[in-house]
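Each remark here refers to the structure printed beneath this line.
The values are calculated or read from the model by the stated rules, or taken from the named source; none is laboratory data. Quick caveat, the model's predicted, so the values are computed rather than measured. Neighbour counts run over all protein chains shown; Cβ positions are idealised from the backbone, glycine included.
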Amino acid sequence: MARKIGFILFSCLLLFIGAQMAEAKVSGTELMTAYSVRISILNDGTEYEWEYDSPNHYEYEEGNYVIKGKKAKKEVDAMVQLLHLHPKAKMEEMVEVLQKRYKQLEKVDIRFMSEESKLFTWTWNSQLEKELK
């Protein structure tokens, strides 16, 4: 009996790990379907930018601080995964995620160009949102 329970628990663990790995693969492929990505955020007066251009140009900016190459790739990949950025992404969901990390979020501007040269754009402005309420 204990062996059966152990086997069932082990099987459930394998299924859970497999599902997590599949989800990670899906979220890691967003940049593979993009020709270009631009993410700009204004938070408490500081501008942050993440840029990707196919096949391997990566750039990250935080105010006047700029990095390129492998270090920037880590930053860009992390932001794209955080946002779950893809052509059908919803701005409300991305802003909600960003507000957890950037407490004074003022503006968001995201541009995603697919391999088929289709441009997807999302913008958000805290001031405009307040005026509309």
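When each of 107, 90, 73 is tested for being free of Cβ contacts under 8 Å to residues at least 12 places away in the same chain and not acidic (Asp, Glu), the lone residue that passes is 90. Criterion applied to 93, 47, 75, 51 was being closer than 16 Å to residue 111 by Cβ and under 16 Å from the mean Cα position of the chain (by Cα), and the one residue passing it is 51. Outside any loop (DSSP other than H, G, I, E, B), exposed (fewer than 11 other Cβ atoms within 10 Å of the Cβ) and at pLDDT below 95: is that true of residue 25 in this structure? So residue 25 passes the test.
On the stretch given as region 54-73, residues that are part of a helix (DSSP H, G or I) and more than 20 Å from residue 113 (Cα to Cα) total 2.
Report, by residue number, each residue of region 110-133 that is without any contact (Cβ under 8 Å) to a residue 24 or more places away in the chain and either more than 23 Å from residue 36 (Cβ to Cβ) or in a loop (DSSP other than H, G, I, E, B) (or both). Of everything in region 110-133, those that are without any contact (Cβ under 8 Å) to a residue 24 or more places away in the chain and either more than 23 Å from residue 36 (Cβ to Cβ) or in a loop (DSSP other than H, G, I, E, B) (or both) turn out to be 116, 126, 127, 128, 129, 130, 131, 132, 133.
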